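Comments concern the structure below.
Every number here is computed from the coordinates shown, using simple stated rules; none is lab data. Keep in mind that what you see is a predicted model, and the values were worked out from it rather than measured. Because the Cβ atoms are built from the backbone with ideal geometry, glycine has one as well, and the counts that use them run over all protein chains shown.
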Amino acid sequence: MSDNNDSNAIENTTQLVDLPELKNPVKAGASLLGSNATVIRNVKVRLAAQIGNADLLVSDLMQMKEDTVVKLDRLIDEPVDLILDDHVIARGQLVAVGDHFGVRITELPQEN
């Protein structure tokens, strides 16, 4: 019973705190970032390129050695998925960039 009383006490003592360092506070119903996304431009994210998948038994993995070829579920000319936070955000072609791999973007999501 005390949990309910504690939550009521918290709700009754909640008050709005004025933050003077915020020069342009967000108005009720407005988007948090609005059209100014500069606040997140320096946030690091991990982008992954997925060329395909393979379902294997653990026994198959244990038998692998050098020069083993794992057949993936995609054809060689199918696009590579660019994945951000478990979501495909673009597709493209695998390319060589000097001594590194790269992805030439060929498909972007449709805007709604």
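Here PRO79 fulfils each of the conditions (1) loosely packed, with under 10 Cβ neighbours inside 10 Å; (2) under 23 Å from the mean Cα position of the chain (by Cα); (3) of a type outside the set (A, V, I, L, M, F, W, C) apart from (1).
Looking across the stretch 33-54, the residues that are outside any loop (DSSP other than H, G, I, E, B), among the small types (Gly, Ala, Ser) and in contact (Cβ under 8 Å) with a residue 12 or more places away in the chain come down to ALA48, ALA49.
Among LEU84, LEU94, which is the only one that is in contact with a Phe, Trp or Tyr (Cβ under 8 Å, 6 or more places away or on another chain) and over 14 Å from ASN53 (Cα atoms)?
On inspection, the qualifying residue turns out to be LEU94.
The set of residues in the stretch 55-72 that are of a type outside the set (S, T, N, Q), in a loop (DSSP other than H, G, I, E, B) and surrounded by fewer than 10 Cβ atoms within 10 Å (Cβ to Cβ) comprises ASP55, LEU57, LYS65, GLU66, ASP67, VAL69, LYS71.
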